[in-house]
Amino acid sequence: MTVIVVANPKGGVGKSTLATNLTGHFATQGEWIGLADLDKQRSSHAWLSLCVDTLPKIEEWGLDVDSPAKPPKGLEKAVIDTPAGLHGNRMSQALDRPTADKVIVLLQPSMFDILATQDFLTRLSKEKAMRKSAIQVGVVGMRVDARTRSADQLHRFVEGLDLPVLGYLRDTQNYVQLAAHGLTIWDVARSRVEKDLEQWAPIVEWIDKK
């Protein structure tokens, strides 16, 4: 089983958006996929409750710090959505029960997010699970408008990281509107979300790479 952790030190960055759409991608590919939600708000699991029965099945994984549960049997991939300010027991839970294979760190184009993420990446590198296993870390820029000065600032920051930049996802209502109906960009006509699917291509390629 491949375990993918979606993380960021701040709230409202788009972790649940990325986690649910990533899960939706693997489900439409015919893979047996599970979705865990460590955030107290349980946004990802709330979205899962909206998914209609005609869509490919996604398993709800009740992962919790206080009462950890094993993933459903037979899963090929599992996505873990994490809370803001991930640290301590919750970080250990996300990375090491079972051991994560990949961590996707989200980053928005603002100086406050950049500074918070820089500190988070430092703390992440010191985690025991990171030191004892070959967990891969990649960065995804969220809600990026390439025409803005803040986007240039973000590009300069990620160029200085010793981490792969998997891609940048634009700020669009497609994600908001689809989530309200328990859908992802993989569940509608390609013509409606073609730009978004193109942005996702390098992200899923990185995850599938051994």
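Amide H to amide H, which residues 5 or more places from Ala36 or on other chains are under 5 Å from it, using H placed in the peptide plane?
Amide H neighbours of Ala36: Trp61, Val79, Ile80, Asp81.
Return the single residue from Thr28, Thr99, Thr148 with maximal mean-square fluctuation; model: Gaussian network over the chain, springs between Cα atoms under 10 Å.
Comparing Thr28, Thr99, Thr148 in a Gaussian network model of the chain, the most mobile one is Thr148.
List His45, His155, His181, His25 from most exposed to least, where exposure is judged by having the fewest other Cβ atoms within 10 Å. Kindly include the intermediate steps, with their values, before the conclusion.
Values: His45 18, His155 15, His181 12, His25 22.
Ordered by Cβ neighbours within 10 Å, fewest first: His181, His155, His45, His25.
Most mobile of Ser16, Ser150, Ser191 per a Gaussian network model of the chain (Cα springs, under 10 Å)?
Between Ser16, Ser150, Ser191, it is Ser191 that shows the largest mean-square fluctuation.
Quick one: compute the contact order of segment 2-208, relative version, from alpha carbon pairs under 8 angstrom and 6+ residues apart, as a percent. Provide the component values of the computation, followed by the final result.
Details: 360 pairs, mean separation 51.9, N = 207.
Rounded, it is 25 percent for segment 2-208.
For segment 117-160 and segment 20-61, compute the distance between their C-alpha centroids and round to whole Å.
Here the two parts' Cα centres lie 25 Å apart.
Readers should treat all values here as calculations from the given coordinates under stated rules, not as data from a laboratory. Predicted model only: the values in this text are computed from it and were never measured. Quick reminder, even Gly has a Cβ in these numbers, built from the backbone with ideal geometry, and neighbours come from all protein chains shown.
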